[in-house]
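Reading through the structure tokens given below for one structure.
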Amino acid sequence: MKVLVAEDDAFYRRILQGMLREEYEVVIAEDGSRAWAILQAPSAPRLALLDWQMPGMDGLEVCRKVRAHPAMDGFYLVIATVRQSLDDVLAGFEAGANDYITKPFHAQELRARLRVGNRVLELQAALASRVAQLQQALSRVKQLQGLLPICSYCKRIRDDHDYWQQVETYMSEHSQATFTHGICPECYEKFFKAELEELRKGK
């Protein structure tokens, strides 16, 4: 799992690398502009720790840019700052941060917060995979829509390979449906009722 660490202070960068390198592939950005460029790359980390105060572009501005970009909707952003007032915390969340941690922070707390972010990203990926599976299933069901060539006499259906199949065979191959067989009232009256009455009379 990659994590982007955007921090302009070289001392803090070294500390953060030491804290995180056992669990993550740490990608470093020395300022907000570099962080924004990294986050736009095709293989960008989806988890980011952003310092609030950085030259060029601060952490809140990076958050706003990420949230304004539809393709980055699932990124998990943590703001790191010495600011501790409620107004500052709210400003971080309003900018689009998922979490907020104040400096100086404990290594265990930082790891715990990033693990939460990692877990959220894993759940998002699992949900996206499930949605893709459901869309595939729906596309298979939609194959039954449109015009189906059906024989007027035997009621067989012609498939894409110009073969004629029983209705239940065709439906089973193009959907998740299974079939049970019975006799409708009209067929009973037409084909079976008279025969059954003759059998009863014969008894």
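The values are calculated or read from the model by the stated rules, or taken from the named source; none is laboratory data. Just so you know, these numbers come straight off a predicted model, no measurement behind them. Using ideal geometry, Cβ is built from the backbone for each residue, glycine included, and neighbour counts are taken over all protein chains shown.
Numbers for the structure displayed
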{"quantity": "Test set (1) buried (at least 16 other Cβ atoms within 10 Å of the Cβ); (2) under 27 Å from SER85 (Cβ atoms) - ILE38 fails condition number", "calculated": "(2)"}
{"quantity": "Qualifying residue in the range 122-134 (condition: modelled with pLDDT of 80 or more, part of a loop (DSSP other than H, G, I, E, B) and closer than 25 Å to GLY59 by Cα)", "calculated": "no"}
{"quantity": "Failed item, numbered, when VAL62 is tested on (1) closer than 22 Å to VAL120 by Cβ; (2) free of Cβ contacts under 8 Å to residues at least 40 places away in the same chain; (3) crowded, with 18+ Cβ neighbours inside 10 Å", "calculated": "(2)"}
{"quantity": "Per-region count, the range 94-106, residues at pLDDT 90 or above and either within 11 Å of VAL78 (Cβ to Cβ) or among the small types (Gly, Ala, Ser) (or both)", "calculated": "7"}
